[in-house]
Amino acid sequence: MVDIAHQAAINPASAKPAAASRARVPLTAIEPGQWRALAQRAIEPNGYYLPGWELAVSATARGRTDASALPAYDGSRLIGLMPVISLWRAWKIPLPALVSAHPYGTLCSPLIDRDAPIEAVTRLLQQARATGAHALVLNDVALDGAAMTALNQVLNRDGLKPRLLSSYIRASLDATQDGETLLRDALGTKKLKELRRQRHRLEDHGAVVFDVAHSPDEIRPALETFLQLEASGWKGKRGTALVQHAGDASFIRRAVPALAETAQCEIVTLRAGATPVAAGIVLRHQDRAFFFKLGIDERFARYSPGVQLTLELTRRLCADPAIASADSTASADHPMINPIWRGRFAVGDVLIPLRRNDPIVALVHGALAAHGIAYAAARRAVRLLRK
């Protein structure tokens, strides 16, 4: 039954097998140079769909392997790319729909050529139809971003109405501002004074230094430091630290140096003397940074090492003329980043019908709603058990 459902989700009877196989291809079938060139021309930055990152995720990351791609071409030129998996792979729902492949970071806005956005979206939707899919489920897309705007233009033209499944607001940084002014406006003089006091106390353990690792040679040891810090904290206690799972460890050790080769990843570290007390991974795509993960040494928790690192990172990004904004990629109401990065933007999950008046889309919507209710109940149960 599982095999039947999986095949129905990928290649339903209405799809011609040869056309479906051309419309949806393995990520590894996309020529890397074409992918990188499209990323440079993308209408909206997404560091998590850069080839060095997403290929590493799809190769080994736990629960995220073997993603496919919907590619859009103008002749031989790649003008659109949407990594996807089947609805069955995503949530064990045996209906003919495709879902954004999760790139570990919480942003799945597709790569769309800014020189031909309408044509790129049109061809991406055509490719999705050619697989036999009746709907696309785009998870974690920037709802007011340029990619979603282009999608909405094509959908409106074709008489198709997307359905918003869920949404939330998350923190971002306007890096065009002066760093010190931004922090003072966000936190106030009293909070900044308290953080300076904590930093002075941290200096009792050695000079406090903020380091940035750029090159592959620098970034590999910095990554190991980050992995150790992450595993030493609450993520390690819950068993969710990257280094605790072979596939995740392999992914991050491949992705970070790969992006460092193209100056699209750096690791920031805060040390007290020789002791690293906090570290974070930051991706860069076009004029946007993405704060992927943070790890701290909880023995120094009284000095707020994660906040201290984020203050230094904020100053650095605001002083960098190549960066205009930063995505926290954090959850809604994140207690650490929200008070510091006061910019906000909407992220959500969107159901896109591929044909007009299609009753199967209503079935997909209902199944997703039921899954969401069950998932929310399971999360509440987990929280109760942890308490």
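Structural remarks
- Residues in the stretch 152-193 that are part of a strand (DSSP E or B) and acidic (Asp, Glu): ASP174 only.
- Residues that are of a type in the set (Gly, Ala, Ser) and either assigned to a loop (DSSP other than H, G, I, E, B) or in contact (Cβ under 8 Å) with a residue 60 or more places away in the chain (or both) were ranked within the stretch 247-257; the one that is most open to solvent (accessible area, probe 1.4 Å) is SER250.
- Residues satisfying the criterion are present in the stretch 329-347 (criterion: in a loop (DSSP other than H, G, I, E, B), out of contact with any Pro (no Cβ under 8 Å at 6 or more places or on another chain), without any contact (Cβ under 8 Å) to a residue 12 or more places away in the chain and surrounded by fewer than 22 Cβ atoms within 10 Å (Cβ to Cβ)).
- When the stretch 103-126 is filtered for residues that are more than 11 Å from GLY80 (Cβ to Cβ), open to solvent by 10 Å² or more (accessible area, probe 1.4 Å) and either among the hydroxyl-bearing types (Ser, Thr, Tyr) or at pLDDT below 95 (or both), the ones remaining, listed by number, are TYR104, THR106.
- Within the stretch 131-151, the residues that satisfy the criterion of being crowded, with 18+ Cβ neighbours inside 10 Å and not in a loop (DSSP other than H, G, I, E, B) are ALA135, LEU136, VAL137, LEU138, ASN139, ASP140, VAL141, ALA142, ALA147, MET148, ALA150, LEU151.
- Matching residues in the stretch 56-88 - criterion: being open to solvent by 30 Å² or more (accessible area, probe 1.4 Å), more than 20 Å from ALA128 (Cα to Cα) and in contact with a Lys or Arg (Cβ under 8 Å, 6 or more places away or on another chain): ALA59, THR60
- Pairs meeting the criteria (first residue in the stretch 139-150 and closer than 18 Å to LEU98 by Cα, second residue assigned to a helix (DSSP H, G or I), beta carbons under 8 Å, at least 6 apart or on different chains) are VAL141/ALA147; VAL141/MET148.
- Listed by first and then second residue, the pairs with beta-carbon distance under 7 Å, at least 6 apart or on different chains, first residue in the stretch 352-371 and under 17 Å from SER166 (Cα atoms), second open to solvent by 50 Å² or more (accessible area, probe 1.4 Å), are HIS365/ARG163; LEU368/LEU165; HIS371/TRP91.
- When the criteria are applied in full, ASP287 meets the requirement of being within 30 Å of LEU38 (Cβ to Cβ), touching a Pro at 6+ places or on another chain (Cβ under 9 Å) and either open to solvent by 10 Å² or more (accessible area, probe 1.4 Å) or in contact (Cβ under 8 Å) with a residue 24 or more places away in the chain (or both).
- Cβ-Cβ contacts under 8 Å between residues 6 or more apart (or on different chains), taken from a first residue in the stretch 195-212 that is among the β-branched types (Val, Ile, Thr) to a second residue that is in a helix (DSSP H, G or I) and open to solvent by less than 20 Å² (accessible area, probe 1.4 Å), are listed as VAL208/LEU202; VAL208/GLN308.
- Residue count for the stretch 194-242 under the criterion of being over 30 Å from the mean Cα position of the chain (by Cα) and not in a strand (DSSP E or B): the result is 13.
- Condition check for ALA260: in contact with a Ser or Thr (Cβ under 8 Å, 6 or more places away or on another chain), at pLDDT 95 or above, closer than 22 Å to ALA326 by Cβ and open to solvent by less than 30 Å² (accessible area, probe 1.4 Å): yes
The values are calculated or read from the model by the stated rules, or taken from the named source; none is laboratory data. Model, not experiment: these values are computed from the prediction. We place every Cβ from the backbone using ideal geometry, glycine too, and count neighbours over all the protein chains shown. Heads up: the accessible areas ignore ligands, DNA and RNA and are worked out on the full protein's heavy atoms, side chains in. Shrake-Rupley method; radii C 1.70, N 1.55, O 1.52, S 1.80 Å.
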